[in-house]
Amino acid sequence: DLESYNFGSPGNLGDYTQPCPKCQRGVYIGFFEEFHGQEILNGQVPKELLGRATVGYVKPILLKEIIPYYDQLVRAFQQKFKDNDFGSSGNRSFASQVETKARWVATLDEKGRSMGYYAADPGTSKHGWAVAFDWHDKKGNRKNKEFDSDEYKWMLENAPNYGFHNPDWAQKGGKRPDEAWHFEWINFSNIIKR
C-alpha cells in the first residue's frame with residue numbers, strides 16, 4: 001500500500017529507505033545450477049547472475065541467460081528499421097527502484113496529480129528481477145510512446161519470437177498505465193519460482 005510508505009512530499013523516500021520487508025521473494029531455478037534453490041529478493045539479484053547485453057547503444061544489465069535473446073531481438077529490430085538507436089534500461093536494484101518511484105511520485109500530470117502509478121512499488125518490479133527492459137532512443141525518449149507506431153507494432157508482434165512481450169497490463173487500455181516501452185521475459189517462472 002503506497003500510503004504506508006509516506007510519500008507525502010516530493011523527495012520523501014519514507015520507509016523505502018529501510019530494508020524491504022515487502023520485497024518479493026523467489027527461488028532461482030534457471031540455467032546456473034550453482035544457484036539452484038537459492039532464495040533471491042527482488043532488487044537484490046546476485047551479481048553473478050547478471051550481465052550486460054552486447055547490442056544497442058545503451059546495453060542493459062539483465063539476467064545472463066536471457067541476454068542472447070535480447071541481443072537477437074535488438075539486431076532484428078535494427079535490421080528492420082535500420083536503427084542503431086535502440087537503447088534500454090534493464091535491471092534495477094532496490095535502491096534504484098526507490099529512486100524511480102520517488103521521481104514518478106514527484107512528477108505531476110497536467111491536472112496536478114502525482115504520476116506515481118507509472119512505477120511499481122519498490123521490491124515488486126520485473127526490473128528488480130532483471131527480466132524487463134524499457135527501450136528508448138539516444139535522446140532518452142522512450143521508444144514508441146505511440147501504440148500505433150510501426151516500431152511498436154513490430155515489437156508487439158516479433159518480440160515474443162525472442163522470448164519477450166509487452167504484457168497485457170502495459171498495453172493500450174490495460175489495467176495499469178499504458179507503457180509501450182516496457183517489455184519483459186515471457187518465461188519468468190522457468191527462471192525464478194515464487
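The values are calculated or read from the model by the stated rules, or taken from the named source; none is laboratory data. Since the model is a prediction, treat every value here as computed from it, not as a measurement. Note that we place each Cβ from the backbone using ideal geometry, even for glycine, and neighbour counts take in every protein chain shown. What goes into the accessible areas is simple: the full protein's heavy atoms, side chains included, and nothing from ligands, DNA or RNA. Shrake-Rupley method; radii C 1.70, N 1.55, O 1.52, S 1.80 Å.
When segment 119-134 is filtered for residues that are under 24 Å from Ala106 (Cβ atoms) and either at pLDDT below 70 or open to solvent by less than 50 Å² (accessible area, probe 1.4 Å) (or both), the ones remaining, listed by number, are Ala119, Ala120, Asp121, Pro122, Gly123, Ser125, His127, Gly128, Ala132, Phe133, Asp134. Reported count of residues in segment 143-194, each being open to solvent by 60 Å² or more (accessible area, probe 1.4 Å), under 19 Å from Gly128 (Cα atoms), part of a loop (DSSP other than H, G, I, E, B) and of a type outside the set (Val, Ile, Thr), is 3. Residues in segment 97-124 that are part of a helix (DSSP H, G or I) and without any contact (Cβ under 8 Å) to a residue 12 or more places away in the chain: Glu99 only.
Of the strands (runs of 3 or more DSSP E) contained entirely in segment 33-88, not one carries at least 3 residues that are out of contact with any Pro (no Cβ under 6 Å at 6 or more places or on another chain), among the β-branched types (Val, Ile, Thr) and surrounded by 15 or more Cβ atoms within 10 Å (Cβ to Cβ).
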